[in-house]
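A short worksheet on the structure shown next.
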Amino acid sequence: MSIKNGVLYIVATPIGNLGDISPRALETLSQVTLIAAEDTRHSRTLLRHFGVDARMLALHEHNEYQALEKVVDCLRQGNAVALISDAGTPAISDPGFALVRECHRQGITVSPIPGPSAAIAALSASGLATDSFVFEGFPSRNQGARRTQFQELGNETRTMLFYESSHRVQACLQDMADIFGVERPAVLARELTKLHETILHGTLGSLCEALQQDPMQSKGEFVLLVSGKPERQDEALGPEVERTLRILMQELPLKQAAALAARLTGEKKNRLYQHGLGLQAEK
């Protein structure tokens, strides 16, 4: 692949396992004039592992607005530049948004080189509804602001995804349990694609207990996934609707069964999917 001059490439890098980097990402990184990296020390180790030797510039949350001027100047001179973060896809709860916005403002082409994202990796393995979800990034470090954020999400029916650090994961889970309810289905995904990868399924209450009983589960990097509030949870499904869903679930995966049942009955697909999860849990 031949890269184009004057283009900013948004390059996803592994979130853990180095084997997850794509050939296209490596080829791009080996050809650009400059690599803007969230942490040059961390990224240099990755690049050295793959034999990539390129000029690097630190671009992180503390210097993003100053560093982006240097990146834009480099692009304006006709050079190709790659943006990478410590791990995963840049600008997804990582530095990069301001640079990308400025490039668009100045008419500079921005091209994504897709790859790993911890949020999507966790969602795909969570077992929670994937047909509709919302990514909330890192909750506030301040408990009062964090609880307010969760309260504002109290009626959210989509699966909710959050990032959290080891320093606050227990407090964050407890706040979620207090506000969303201890029985709300949830998943804790820790150290994805790394040696100590762990994906815990349960309720917010059970996940709080798991972390209290095993301090090792509080170490690492986390994606927290919380099931959305069931729609019209005070109303039971009609008997014919539930019968249709049960029959379809015997022949089809739940997602397909819920979608087909929604077409046949007029009921909302997400509600049928959530109800189907409950039926599966009863078995």
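Observations
- Restricting the search to helices (runs of 4 or more DSSP H) fully inside segment 213-282 and requiring at least 3 residues that are more than 29 Å from Val182 (Cβ to Cβ) gives 239-251, 254-265.
- Restricting attention to segment 78-97, the residues that are farther than 16 Å from Ser43 by Cβ, of a type in the set (S, T, N, Q) and modelled with pLDDT of 95 or more total 1.
- Test result for Leu75, touching a Cys at 6+ places or on another chain (Cβ under 6 Å), surrounded by 17 or more Cβ atoms within 10 Å (Cβ to Cβ) and at pLDDT 95 or above: no
- Residue match in segment 105-114 (condition: in contact with a Ser or Thr (Cβ under 9 Å, 6 or more places away or on another chain), over 30 Å from Gly278 (Cβ atoms) and either surrounded by 20 or more Cβ atoms within 10 Å (Cβ to Cβ) or of a type in the set (Lys, Arg) (or both)): yes
- For Ala129: the one exception among (1) touching a residue at least 60 places away in the same chain (Cβ under 8 Å); (2) assigned to a helix (DSSP H, G or I); (3) crowded, with 17+ Cβ neighbours inside 10 Å: (2)
- Count - residues of segment 133-187 that are hydroxyl-bearing (Ser, Thr, Tyr), in contact with a Lys or Arg (Cβ under 7 Å, 6 or more places away or on another chain) and either within 21 Å of His201 (Cβ to Cβ) or buried (at least 17 other Cβ atoms within 10 Å of the Cβ) (or both): 2
- Of all residues making up segment 5-60, the number that are touching a residue at least 24 places away in the same chain (Cβ under 8 Å), more than 28 Å from Ala122 (Cα to Cα) and assigned to a strand (DSSP E or B): 2
- Within segment 188-222, considering residues that are closer than 15 Å to Thr159 by Cα and touching a Lys or Arg at 6+ places or on another chain (Cβ under 7 Å), the one surrounded by the fewest Cβ atoms within 10 Å (Cβ to Cβ): Thr203
- Of all residues in segment 53-65, those being touching a helix residue (DSSP H, G or I) at 6+ places or on another chain (Cβ under 7 Å) and modelled with pLDDT under 95 number 3.
- Note on segment 234-268: residues that are surrounded by 11 or more Cβ atoms within 10 Å (Cβ to Cβ) and within 30 Å of Pro139 (Cα to Cα) total 2.
- Qualifying position, being in contact with a Gly (Cβ under 8 Å, 6 or more places away or on another chain) and among the basic types (Lys, Arg), among Arg48, Arg55, Arg76: Arg76
- Residue in segment 176-191 that is nearest to the chain's Cα centre (by Cα), counting only those that are in contact (Cβ under 8 Å) with a residue 40 or more places away in the chain and not in a strand (DSSP E or B): Glu191
- Restricting Ala67, Ala91 to residues that are among the small types (Gly, Ala, Ser), assigned to a helix (DSSP H, G or I) and over 16 Å from Gln31 (Cα atoms) narrows the list to Ala67.
- Taken as a whole, the condition of being at pLDDT 95 or above, assigned to a helix (DSSP H, G or I) and of a type in the set (Val, Ile, Thr) does not apply to Val134.
The values are calculated or read from the model by the stated rules, or taken from the named source; none is laboratory data. The structure presented is a predicted model; accordingly, all values stated were derived computationally and were not measured. Glycine also receives a Cβ, built like all others from the backbone with ideal geometry; neighbour counts cover every protein chain displayed.
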